[in-house]
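Engineer: The structure that follows is given in the form of C-alpha cells.
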Amino acid sequence: MSAARKRVLPRKPPARMLALPKEARHTRAELFHERELRRIIDGALLLAKSTGADETEVHVDEVDDSLTRFANNAIHQNVAEHGLTVSVRTVVDGRTARATTNRIDEDSLRGAIDASLSLAHSQPKDPHLLPVPGKQRYRKVDRFARPTAALTPDDRARAVRRACDIAIKRGQVAAGIFASGQSQTAIGNSRGLFAAYRETHAEFSVTMQEQPAASWAKANSANVRDFDPQKLAERASEKAHRATNAQELPPGRYTVILEPSAVLDIVGFLFYDFAATALADKRSCLNDRIGKQVFGKNITVVDDAYHPLQLGAPFDGEGMPRERVLLVDGGVPKNLVYSRASAKAAKKKPTGHGFALPNEYGEAPMNLVFGGGKASLEEMIASTERGLLVTRLWYIREVDPYEKVMTGMTRDGLFLVEKGKVGAAVRNFRFNQSVLEMLRNVELLGPAVRATGEEAFEMVVPAMKVRDFHFSEVTKF
Amino acid sequence: MWDLSAHALDTARLRGAKYADMRVMHLRQRDLTTKNGQVGTLAQSESIGLGIRVLASGAWGFASTDRMTREGVSACAAQAVAIAKASAIAKRKDVVMAPEEAYIDSWQSPFRKDPFEIPLETQLALLLAADAEMRRVKGVTLTETDLQFRKIDSWFASSIGSRIHQRKMISGCGIAATAFQGEEIQKRSYPNSFGGQHALQGYELVESLELLKHAPRVAEEAVALHSAAQCPQKTGTLILGGSQLGLQIHESVGHPIELDRVLGEEANFAGTSFLTLDKLNKLRYGSDIVNVVADARLEHGPGLGSFAYDDEGVPAQCTDIIKAGEFRGYLSNRETAHLVGLKRSSGTMRTESWNRLPIIRMTNISLLPGTWRSEDLIADTDDGILMETNRSWSIDDRRYQFQFSTEIGWEIKDGKKARMLKNPSYSGITTEFWNSCDAICGADEWVLWGTPNCGKGQPMQTMGTGHGASPSRFRNINIGAAFSKS
C-alpha cells in the first residue's frame, strides 16, 4: 500500500496539488508539518471537486502516542502508536456523508471520496443542511511542549522505576501508567476554510496498594514538567497506608469533602446537558430549567477553550472558532452551546461547539471551567463536624436523566472526618445522588484546578464540601 | 501481507527479540443512524495497519504503524524492541509463556448476506420506516435508530511459525423511543438498549430482528411508563429478562474472571477482582443450577466473542467458569496460564485494532440454559418483579457490589404478569446474587446477546463480547435502592 497510483484518474488534477507527503519525510516523534497537512487537504479537495461533489470538507488527524503501564511494581505493558486519518465529508444536492481512511495515497483518498458520495446519494435531501462555512479567524493557543514530545521510553521507564521503588520500600504494590504523546488536527473545506492545531499531552497515574487498601493520584498536562511522578507516587503511597483497617459505616446522607477528581467525575456527566440539540431533543436535564435557580448561588460554570489549564483545539468539528460561553451564572443556567445547525434552528449565533458532521448529537461544551473558591482542603476538613473525605468516584452511570441522579462507587481512599480531623478509613459506599441537588448543597469551594479522573474528560474544577450526599449501600472493602 | 509480516518478525529477531508476534488488521465500518425522522450519522471508515509485540530482555514492547512498507514495518519492529528493552529497566522477573503450537490457517465467520453489499437506500429506508412508526405514537419526543456493520480482516504471524488469517463480519441494529413529560424522561429500546443487538452475522441479523414490527410497541411503552407505578423499594423476588441478565453476567462474572485483573495488572484503571487465586475450585459462586462457560467456538453461536484463534494465535476453546455453582476457571493467556496450573492459555487474548496490544478479554461468557419456560416461571411466582432492558449499570472495582436499573418492570402477582412499573432497579453482592438463582429458562429462550462496547485497558480498547442468557429468577434481592431518597 504505497503512495503509488494504481490506475489512471479519469479527471486528473494537477500533479502539484497531489504531491502528498512522502514517508521518508516522516520520522517518529515528529508530526507532519502544517503545510503538509494543508497539502493533503488541498489534494483531497481537488479530487473531490473532480468527482462532482458540490462541497467538501476534509479533516486530517495525526497521533503519535506512547504509554508505559506498570503493575506489581514492574512494567508489564509498554506501547507506542502512530496513526493518521483523513476524513472526507462531501455534499451533493443537499445531502452529506462522511468517509474516513488512514491511507493518504491518491487511490485511497479517491476511495474515501467515492464512499462519501455514495453514502450521500443514498439518502433523502436534507432541507436543513447548511453550506460549509467560509474562512474563519482563530485565537492562537500554544499547547505544544517540547519536553513532552521529546520524552523517550527510557525516560518513562526510569520514572516508573522510581515510583515502584517507593512502593517496594514501604511493602506496597504500585500500578499505573506514564503516557506521553503529541497529536494534531487540521480541517479545510471547499470554501477556503483552513484551521490546524497541535498539542502535546502527558499523564501519570498511580495506584498504591497496601492490602486490602489502595489509594491513587493522577495528573495530566500538556507539559510533562507540570507534574512530578515521584510526588504523586508518594502521595498515593501515604494515603494507601492510611486507608488500611477500613471500618464499615451505615449508608445514609453524609457531608462529603470531594477532592477535585471526585468532583470532576460526577459533574462531568452534565456537559452534554448544555447542548442546544440535547434541549431540542428533550433529553437534557435543563429542559424547562433555563433561567431558573437550578444550582446554588455559588456555582458558576463557563466553557472556555482558552483557559490556561485547558487543552484542545480553538475550533470545532466544522472549523468554527470556539467561543467562551457563560453556562451557569450564580446557579442559574444562562446559555447553551450551539453548532451552526442548532444555532440556526434557535435563531442564535453558533458558539463553535459543533461535532463533525453528519451527526445526531449536535454539539457539546468540551472545556468546562467551574468557578472556584478560596477554601483549602484543610479548611474544609477543619470546618466539618462529621463527614467523609472522598478521593475519587468510580463507575458512574446515569440512573435518572432528568433529575440527573448518578450512581457509582467511592474508590481508593474514603476517610471519616470527625471534629475537624481526618480519621479512620471507611469501607467504600455506593451513591445514588442527583447532581442538581449536589450543586445546590455546596457549602465550600476550593480553588479550581485542572482535574483528571477516569469517567469524564479533564476539566477545571474545585474541591467541594457538599452536605447531604446520598450513599445508598456499602461494599465489602 | 505475509511478506511484510515476515520482514517485521525478522527485524525484531535481529534486534534481539526472543519472541515476536504481529497483526496486520484491515477494519471497515459503516454507521447509519436516524433521529426524529432525519438521517443522523452516515459514515464509513477504513483503517489498515500493523502492530508488533516483542519479548526482549525478558520484557514486553509493542509498537504499531500505519506505514505499510518494508521500511515502515522495519522501523516499527525496531521501535518495539527498543521499548521492550526500556521495559526491562523496571522489570521484576522475565516473562514466561506457556507453550503453544504453530498454526497455518484461514478462517471466515459465516454470514449469509454481506451488509456492505446491501444497497444503502434499503438500509436507510428500513431505519426511516422504523423511526416513522415510533413517531406515530403520541407523546414520543425523540426517536432513534441505528445500524452498524464491521468487516475485520486480521493476519497474525508469530516467531514460532503461525500464520493465521481471519475475517469477521459483525452486524448490529437497534431502535429507541424516548418520552419527556412533566419532570421525567422515559425510554424504551429494542432489541436491547445502547445500540441494540450485535452479533457475528451479516445483514440477516437485521432482517431477523423485525425492527418495524416492534417499533410501535417500543414507542407505546415509552409513553406508558409515565403513567406506571414507581417500582417499590423492598427485598423480593426478581425475574430478569435475557438481555439484562446478559449484562449482569458481563459485569459480575465476565470481568472478575479475567486473570490479568485478578493478578493486579488492571489495578490502576479497571480495578482488581474478588476472585483471588485461592478461590479457584473452592468458592460457591452460585446455586447448583448455575453453569457458566467461556466459549469462543463458533458452535456456541455467532457471538461477538466467537473466533477461530485469539490474537495470540491460540485456538478458540470452551472453558468451564462456574459448574453446578462452583467456581472453576479464569480467562487466561500464554503469560498467565501457569499461575493457575494450566499448561496452556485458555485463548482469550484479543485486540481492538492493529494499534492496540492484545489483552485478556471476555469471549462469549454465557449462562447455560436451564429447564424452565417463561410462562411457567411467572406462573410459579406469587410476588415478584420482572425487569427488562438495561438502563444503567455500575459495580465496584473488585466486582462485589453492583446496581442495575432497567427501562421497564412488570409486577408479578399470584402467578400473573400484572401492572407496569417504572424506574426499576436492583442491587446486591455478586456471589449472594448468583446463589439466589432458583430458576433458569431453557434453550428455546436462550439468546447470545452481544455487548459491543466493553472498555478495558490503557490506552482504552473497546471490544465486543457475547453473553448467552435466558430469563431467570432470583430470590431475596434488594429492589429499588437506586430511587430511594434516604
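Laboratory data are not the source of any read-out in this text; all were calculated from the coordinates shown. Note that the structure is predicted; figures quoted are calculated from it, not measured. Glycine gets a Cβ as well: all are built from the backbone with ideal geometry, and neighbour counts include every protein chain shown.
Engineer: Figure the gain on full extension for B:ARG70 and B:GLN108 (residue separation times 0.36 nm, minus the Cα-Cα span) and round it to one decimal in nm.
Structural biologist: Fully extending the segment from B:ARG70 to B:GLN108 adds 10.9 nm.
Engineer: Pairs of alpha-carbon atoms within less than 8 angstrom and 6+ residues apart define the contacts here; what relative contact order does chain A have, in percent?
Structural biologist: On the way: 1240 pairs, mean separation 66.9, N = 477.
So the answer I get is 14 percent.
Engineer: What number, in percent, do you get for the relative contact order of the range A:338-385 if the mean sequence gap of Cα pairs under 8 Å and at least 6 apart is divided by its residue count?
Structural biologist: Relative contact order comes out at 27 percent.
Engineer: Would you tally the net charge around B:THR462, using a Cβ to Cβ cut-off of less than 13 Å, leaving B:THR462 out, and scoring K and R as +1, D and E as -1?
Structural biologist: +4
Engineer: While we're on this one: If r is the Cβ-Cβ distance from A:LYS231 to B:PHE194 and R0 is 35 Å, what FRET efficiency results, to the nearest 0.05?
Structural biologist: Between A:LYS231 and B:PHE194 the formula returns 0.30.
Engineer: Rounded to the nearest 20 Debye, what is the dipole magnitude of the protein assembly as shown about its Cα centre when Lys and Arg each give +1 and Asp and Glu each give -1 at the C-beta? Don't skip to the end; give the middle numbers.
Structural biologist: Numbers: 124 positive and 116 negative charges, 416 e Å.
Rounded to the nearest 20 debye, it is 2000 debye.
Engineer: Arrange the peptides A:393-400, B:133-140 so that the one whose residues have, on average, the most other Cβ atoms within 10 Å appears first.
Structural biologist: Result, highest mean Cβ count within 10 Å first: A:393-400, B:133-140.
Engineer: Same structure, new question: Can you give the average number of partner chain beta-carbon atoms within 10 Å of each beta-carbon in peptide B:54-67, as a whole number? If you can, show how the numbers build up before the last one.
Structural biologist: Working: counts 0, 0, 0, 0, 0, 6, 6, 6, 6, 8, 6, 5, 10, 8.
Mean shielding by partner chains, rounded to a whole number: 4.
Engineer: Moving on. So the label point goes 7 Å from the Cα of A:LEU249 along Cα→C-beta, right? Which residues of the range A:215-236 then have their backbone N under 20 Å from it?
Structural biologist: Under cut-off, by backbone N: A:215-216.
Engineer: Would you work out the relative contact order for chain B, in percent, from Cα pairs under 8 angstrom that are 6 or more residues apart? Display every interim value, and only then the final one.
Structural biologist: Numbers: 1325 pairs, mean separation 74.1, N = 486.
Relative contact order of chain B: 15 percent.
Engineer: Shifting gears a bit: Other chains near A:161-170: what is the mean number of their Cβ atoms within 10 Å of each residue's Cβ?
Structural biologist: Mean number of neighbouring Cβ atoms from other chains: 1.
Engineer: Assuming R0 = 30 Å, can you tell me the calculated FRET efficiency for the pair B:ASN453 and A:ASP107, based on Cβ-Cβ distance, to the nearest 0.05?
Structural biologist: Plugging the Cβ-Cβ distance into 1/(1 + (r/R0)^6) gives 0.35.
Engineer: Restricting to DSSP H runs of at least four residues, report the calculated mean residue ellipticity at 222 nm for chain B, -39500 (n - 2.57) per run over all residues, nearest 500 deg cm²/dmol.
Structural biologist: -5500 deg cm²/dmol
Engineer: Out of B:SER425, B:ILE289, B:SER47, whose Cα points farthest toward the positive end of the dipole of chain B (charges: +1 Lys, Arg; -1 Asp, Glu; placed on Cβ)?
Structural biologist: The listed residue farthest towards the positive side: B:SER47.
Engineer: Note down the nm distance, to one decimal, between modelled labels 7 Å out along Cα→Cβ at B:ASP3 and at B:ALA125.
Structural biologist: Going by the 7 Å Cα→Cβ label model, 4.5 nm.
Engineer: Obtain the nm distance between the two label points defined at A:ARG146 and B:ARG92 by a simple spin-label model: each point lies 7 Å from its Cα along the Cα-to-C-beta direction.
Structural biologist: With each label placed 7 Å out from Cα toward Cβ, I get 3.9 nm.
Engineer: Give me A:SER87, B:SER171 sorted ascending by neighbouring Cβ count inside 10 Å, so fewest comes first.
Structural biologist: If I rank by nearby Cβ atoms, fewest first, I get A:SER87, B:SER171.
Engineer: In nm, to one decimal, how far is the modelled label at B:ALA418 from the one at B:GLN230, with both set 7 Å along Cα→Cβ?
Structural biologist: For the pair B:ALA418/B:GLN230, the computed spacing is 1.8 nm.
Engineer: Would you work out which of B:GLN166, B:PRO99, B:GLN181 lies farthest towards the positive end of the dipole of the range B:49-190? Charges go on Cβ: Lys and Arg +1, Asp and Glu -1.
Structural biologist: The residue sitting most towards the positive pole is B:PRO99.
Engineer: I need A:ARG158, A:ARG89, B:ARG399, A:ARG143 ordered by Cβ neighbour count within 10 Å, fewest first.
Structural biologist: In increasing order of surrounding Cβ atoms, one gets A:ARG158, A:ARG143, B:ARG399, A:ARG89.
Engineer: Along the charge dipole of chain A, pointing to its positive end and built from +1/-1 on Cβ of Lys, Arg, Asp and Glu, which listed residue (A:ILE381, A:LEU232, A:LEU117) has its Cα farthest out?
Structural biologist: Final value for the positive-end residue is A:LEU117.
Engineer: So if I place +1 on the C-beta of Lys and Arg and -1 on the C-beta of Asp and Glu, and nothing else carries charge, what would the dipole magnitude of the range A:215-263 be about its Cα centre? I want it in debye, nearest 20.
Structural biologist: Computed charge dipole of the range A:215-263: roughly 40 debye.
Engineer: 5 Å is the cut-off here: which amide hydrogens, built 1.01 Å from N in the peptide plane, fall below it relative to B:GLU258, excluding neighbours closer than 5 in sequence?
Structural biologist: Excluding prolines and chain starts, which carry no amide H, the hits are B:LEU331.
Engineer: So, one more: Residues of A:359-366, mean number of Cβ from any other protein chain within 10 Å of their own Cβ, rounded to a whole number?
Structural biologist: 3
Engineer: Shifting gears a bit: Quick one: net charge around B:GLY49, please, counting Lys, Arg +1 and Asp, Glu -1 for every other residue with C-beta under 10 Å from its C-beta.
Structural biologist: Net of charged neighbours comes to +1.
Engineer: Still on this model: Roughly speaking, what is the stretch gain from A:LYS282 to A:GLU437, that is 0.36 nm per residue apart minus the C-alpha to C-alpha distance, in nm to one decimal?
Structural biologist: Fully extending the segment from A:LYS282 to A:GLU437 adds 53.8 nm.
Engineer: Please arrange A:GLU455, B:GLU184, B:GLU101 by counting, for each residue, the other beta carbons lying within 10 Å of its beta carbon, fewest first.
Structural biologist: Listed from fewest to most nearby Cβ atoms, that is B:GLU101, B:GLU184, A:GLU455.
Engineer: Assuming 0.36 nm per residue, please report the length gained on full extension of the stretch B:THR371 to B:LYS18 beyond their Cα-Cα distance. Kindly include the intermediate steps, with their values, before the conclusion.
Structural biologist: Numbers: separation 353, 0.36 × 353 = 127.08 nm, distance 5.12 nm.
Extra length available between B:THR371 and B:LYS18 comes to 122.0 nm.
Engineer: For chain A, rounded, prolate or oblate, judged on the Cα gyration tensor with a ≥ b ≥ c (square roots of eigenvalues), a/c < 1.5 rounded, else prolate if a/b > b/c?
Structural biologist: Working: a/c = 2.59, a/b = 1.51, b/c = 1.71.
Oblate is the answer for chain A, as a/c is 1.5 or above yet b/c matches or exceeds a/b.
Engineer: Moving on. Would you please give the residues with an amide H less than 5 Å from that of A:MET406, counting only those at least 5 places away or on a separate chain, with H modeled from the backbone geometry?
Structural biologist: A:VAL399, A:GLN433, A:SER434, A:VAL435
Engineer: Can you compute the charge dipole magnitude of the range A:22-204 about its Cα centre, using +1 on each Lys and Arg Cβ and -1 on each Asp and Glu Cβ, nothing else charged? Give it in debye, rounded to the nearest 20.
Structural biologist: Using only the charged Cβ atoms, the result is roughly 660 debye.
Engineer: Estimate the FRET efficiency between A:LYS135 and A:ASP165 by the formula 1/(1 + (r/R0)^6), using the beta-carbon distance for r and 56 Å for R0, to the nearest 0.05. Intermediate results must be reported in sequence, preceding the final value.
Structural biologist: Working: r = 54 Å, r/R0 = 0.97.
About 0.55, to the nearest 0.05.
Engineer: Please give the residues of the range A:447-477, grouped as numeric ranges, whose backbone N is less than 16 Å from a label point set 7 Å along the Cα-to-Cβ vector of A:GLU385.
Structural biologist: So the set is A:466-469.
Engineer: Among rounded, prolate and oblate, which fits the protein assembly as shown when a ≥ b ≥ c are the square roots of the eigenvalues of its C-alpha gyration tensor, a/c under 1.5 means rounded, and a/b larger than b/c means prolate?
Structural biologist: rounded
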